[in-house]
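In what follows, a single structure is set out as structure tokens and then discussed.
The values are calculated or read from the model by the stated rules, or taken from the named source; none is laboratory data. Computed from a predicted model, the values in this text were never measured in an experiment. Cβ placement follows ideal geometry from the backbone for every residue including glycine, while neighbour counts extend to all protein chains displayed. To get the accessible areas, we keep the full protein, side chains included, count just its heavy atoms, and leave off ligands, DNA and RNA. Shrake-Rupley method; radii C 1.70, N 1.55, O 1.52, S 1.80 Å.
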Amino acid sequence: VDGEDKTPARYPANQNKIMGIQARREPAFARLQYANASGHVVVVPVKNTSGLSTALALPPTTGSETGVVGLILPRGTANLSFDGQMVKIRELDVYAW
């Protein structure tokens, strides 16, 4: 692969919302960091100001451990909100392709 690795754009969560994501013209890969101390998989509905509506199944984490899941953000994705009461969303890293 030619080129150099770029640092991802980091978006910290505030009350299970991630604001200020720069909408892109193409899909983008992202890594979501979360904590799930419930002891079981929690399905978290995800909404977005550009019309995205989906859900993520987030496996449990132990203690202060951070879980990480990868996802593809559709083109035009902007602010995200996560409706999981038992899950704490920590950060979203968005990578340029």
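Miscellaneous remarks
- Residue check, residue 77 open to solvent by less than 70 Å² (accessible area, probe 1.4 Å), part of a loop (DSSP other than H, G, I, E, B) and either of a type in the set (Lys, Arg) or more than 17 Å from residue 14 (Cβ to Cβ) (or both): yes
- Residue ID - nearest to the chain's Cα centre (by Cα), chosen from residues in the range 19-54 that are farther than 12 Å from residue 71 by Cβ and of a type in the set (D, E, K, R): 47
- Contact map, the range 23-36: residues that are outside any strand (DSSP E or B) paired with residues that are among the hydroxyl-bearing types (Ser, Thr, Tyr), Cβ distance under 7 Å, separation 6+ or inter-chain. Pairs shown: 23/50; 23/77.
- Scanning the range 12-56 for residues that are within 19 Å of residue 88 (Cβ to Cβ), of a type in the set (A, V, I, L, M, F, W, C) and open to solvent by 40 Å² or more (accessible area, probe 1.4 Å) yields 19, 37, 41, 43, 55.
- Of the listed requirements (1) surrounded by 15 or more Cβ atoms within 10 Å (Cβ to Cβ); (2) β-branched (Val, Ile, Thr); (3) not in a loop (DSSP other than H, G, I, E, B), residue 72 misses just one: (1).
- Hey, residue 64 without any contact (Cβ under 8 Å) to a residue 60 or more places away in the chain, outside any strand (DSSP E or B), closer than 19 Å to residue 11 by Cα and open to solvent by 60 Å² or more (accessible area, probe 1.4 Å) or not: no
- Candidate set from the range 80-97 (those that are part of a loop (DSSP other than H, G, I, E, B) and of a type in the set (A, V, I, L, M, F, W, C)); member that is nearest to residue 35 (Cα to Cα): 86
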